[in-house]
Amino acid sequence: MACADLKGAKATAAEIKKAGGQVVAYDLDVTDPAAVESTVNKAVKALGGLDVVCNIAGIGHFANSHEETPEWFDRIVSVNLNGTFYVSRYTLPHLLKTHAATGRDGVIVNTASTSGLMGAPWSAAYCASKGGVVNLTRALAYEYRGKGVR
């Protein structure tokens with residue numbers, strides 16, 4: 001297993017190791033596509049392959065939409081939606097390779113929110129980003145069905 005948020009990754013990695021699992025921990029900014037690609041490649045090399053990807057990075061805050069700053073809106077969308085895409089994009093070739101070599105499906109688990117299915121006050125950026133994650137997940141599911149990634 002690879003954990004890519006150093007704040008919680010070290011504690012999670014310690015628990016996984018204690019249970020006998022193989023794990024590596026990395027500090028990763030999911031909004032940086034080059035960093036995502038590099039970290040994915042390091043994790044795959046360290047672990048010998050890739051079977052399951054969990055996109056759980058997410059941020060949000062409350063603000064009236066007429067007072068929301070463009071910087072915060074962009075940051076929320078960048079972490080929640082773009083980060084989910086970047087991690088999916090750079091792990092997909094490895095998941096496809098795993099399927100080709102083993103016959104086992106690769107798996108991507110994307111975490112969204114009920115706010116991705118319905119609006120919520122003071123959360124326009126969060127709702128927009130999580131709605132994007134819901135439809136990104138649907139798009140990936142249709143694109144890769146029957147190709148060894150679910």
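Any idea how many residues of the range 15-33 are within 26 Å of Gly131 (Cα to Cα) and assigned to a helix (DSSP H, G or I)? Give the derivation first.
Step one: list which residues in the range 15-33 are within 26 Å of Gly131 (Cα to Cα), which gives 28-33.
Remaining after also requiring assigned to a helix (DSSP H, G or I): 33.
Within the range 15-33, residues that are within 26 Å of Gly131 (Cα to Cα) and assigned to a helix (DSSP H, G or I) number 1.
Give the residues of the range 88-123 that are hydrophobic (A, V, I, L, M, F, W, C) and in contact (Cβ under 8 Å) with a residue 60 or more places away in the chain, sorted by residue number.
Start the filter on the range 88-123 by keeping residues that are hydrophobic (A, V, I, L, M, F, W, C), which leaves 92, 95-96, 100-101, 107-109, 112, 117-118, 120, 122.
If the condition is that a residue be hydrophobic (A, V, I, L, M, F, W, C) and in contact (Cβ under 8 Å) with a residue 60 or more places away in the chain, then Trp122 is the only one that fits.
Would you confirm whether or not the range 133-149 contains a residue that is in contact with a Leu (Cβ under 9 Å, 6 or more places away or on another chain), farther than 22 Å from Thr31 by Cβ and of a type in the set (Lys, Arg)?
yes
On the basis of being touching a helix residue (DSSP H, G or I) at 6+ places or on another chain (Cβ under 7 Å), at pLDDT 95 or above and either in a loop (DSSP other than H, G, I, E, B) or of a type in the set (D, E, K, R) (or both), does Val36 make the cut? Spell out the reasoning first.
Details: touching a helix residue (DSSP H, G or I) at 6+ places or on another chain (Cβ under 7 Å): yes; at pLDDT 95 or above: yes; either in a loop (DSSP other than H, G, I, E, B) or of a type in the set (D, E, K, R) (or both): no.
Spelling it out, it is not the case that Val36 is touching a helix residue (DSSP H, G or I) at 6+ places or on another chain (Cβ under 7 Å), at pLDDT 95 or above and either in a loop (DSSP other than H, G, I, E, B) or of a type in the set (D, E, K, R) (or both).
Would you mind telling me which numbered condition in (1) modelled with pLDDT under 95; (2) hydroxyl-bearing (Ser, Thr, Tyr); (3) within 24 Å of Ala46 (Cβ to Cβ) Ser88 fails?
(1)
Name the residues in the range 44-87 that are of a type in the set (Phe, Trp, Tyr) and without any contact (Cβ under 8 Å) to a residue 60 or more places away in the chain, would you?
As a first pass, look at the range 44-87 and keep what is of a type in the set (Phe, Trp, Tyr): 62, 72-73, 85-86.
Residues satisfying the conditions are Trp72, Phe73, Phe85, Tyr86.
The values are calculated or read from the model by the stated rules, or taken from the named source; none is laboratory data. Just so you know, these numbers come straight off a predicted model, no measurement behind them. Glycine gets a Cβ as well: all are built from the backbone with ideal geometry, and neighbour counts include every protein chain shown.
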